[in-house]
Amino acid sequence: MKGPYKGKFKVTQEFKGSAHDGLDLVGLTDKKIYSTVNGTVERAGWENSQNKKQGFGLYVRIKQSDSVDRYYFGHLSEIAVKTGQTVKAGDLLGTEGSTGNSTGSHCHYCVRGNASKAEIKDVCAISGIPNKIGTYESSAQKNVSELAEEVIKGIWGNGEERRKKLSEAGYDPDTVQQEVNRLLGTKSNSTKKSVETVAKEVIAGKWGNGSERKQRLTAAGYDYNAVQQTVNRLLK
Ligand SMILES: [Zn+2]
């Protein structure tokens, strides 16, 4: 499940459609609020600076990439992002608070299509957070950079197994792979180098040695055995 907290949090009020268009959440491990999507910050400030008890109070609204959906994080005590900024899932947005129409510290977390109250989305279905008062724990606790480093170290396995493990933990395998490729200096899989080219790079020492080489090649999406066979052939 993808909650806006890293660690444990409580659902203190359920999603009830137009009667309550999001979940009320309270951070238990930490009060920091993190983005649950990749997107752009459309709003970061007061809903009404003339009336700080109105609506969301101090809030952040993210427009999801390639979607009309907007993610709202309401009642914050402080904000860590600026309007127009690009954010990735796991990036810090601010801190839980009790600004706006709120009686105690919590985050009103909701999703609306086209930033319209008429297009309320089921935030529970989207996030995987149960629509039930209780204590839960976010699985997606790391940002893309941290994850990519872990993938390169081999912590998440390889190939389909890696994709499956990342998805189950609430991460987007494609976003993680893009970051892995960027860190390793390779482009997307569609512009992957030929096995021969990579084998020559291996011989030139660009991919390190032993298990490190194996891990880096597989992390970058190459078939280690195929590369190694070509290396052996070229060195004959
Ligand atoms: Zn609420």
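A quick yes/no check of all residues on (1) free of Cβ contacts under 8 Å to residues at least 60 places away in the same chain; (2) away from the ligand (no atom under 13 Å from the Cβ); (3) of a type outside the set (Val, Ile, Thr); (4) not assigned by TED's automatic domain parsing to the domain that holds residue 30:
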residue: 75; (1), (2), (3), (4): yes, no, yes, no
residue: 79; (1), (2), (3), (4): yes, yes, no, no
residue: 86; (1), (2), (3), (4): yes, yes, no, no
residue: 91; (1), (2), (3), (4): yes, yes, yes, no
residue: 100; (1), (2), (3), (4): yes, no, yes, no
residue: 103; (1), (2), (3), (4): yes, no, no, no
Could you tell me how many of the residues in region 14-35 are within 16 Å of the ligand (Cβ to nearest atom), not in a strand (DSSP E or B) and not aliphatic (A, V, I, L, M)?
7
Please name all residue pairs, on different chains or six or more residues apart, with Cβ atoms under 6 Å, provided the first residue is in region 147-163 and is assigned by TED's automatic domain parsing to the domain that holds residue 176 and the second residue is among the hydroxyl-bearing types (Ser, Thr, Tyr).
158/218
If you check residue 66 against the conditions, is it farther than 20 Å from residue 121 by Cβ, away from the ligand (no atom under 16 Å from the Cβ), assigned to a loop (DSSP other than H, G, I, E, B) and modelled with pLDDT under 95?
no
Identify, by number, the condition in (1) over 30 Å from residue 19 (Cα atoms); (2) at pLDDT below 85 that residue 205 doesn't meet.
(2)
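Determine if region 49-61 includes at least one residue that is in the same structural domain as residue 125 (by TED's automatic domain parsing), away from the ligand (no atom under 16 Å from the Cβ) and in a strand (DSSP E or B).
Of the residues in region 49-61, the ones in the same structural domain as residue 125 (by TED's automatic domain parsing) are 49-61.
This time we only want the ones that are away from the ligand (no atom under 16 Å from the Cβ), so: 49-52.
Retained after the next criterion (residues that are in a strand (DSSP E or B)): none.
No: region 49-61 contains no residue that is in the same structural domain as residue 125 (by TED's automatic domain parsing), away from the ligand (no atom under 16 Å from the Cβ) and in a strand (DSSP E or B).
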Output the residues belonging to region 88-127 that are buried (at least 16 other Cβ atoms within 10 Å of the Cβ) and at pLDDT below 95.
88, 89, 90, 91, 126, 127
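The values are calculated or read from the model by the stated rules, or taken from the named source; none is laboratory data. None of these values were measured; they are calculated from a predicted model. We place every Cβ from the backbone using ideal geometry, glycine too, and count neighbours over all the protein chains shown.
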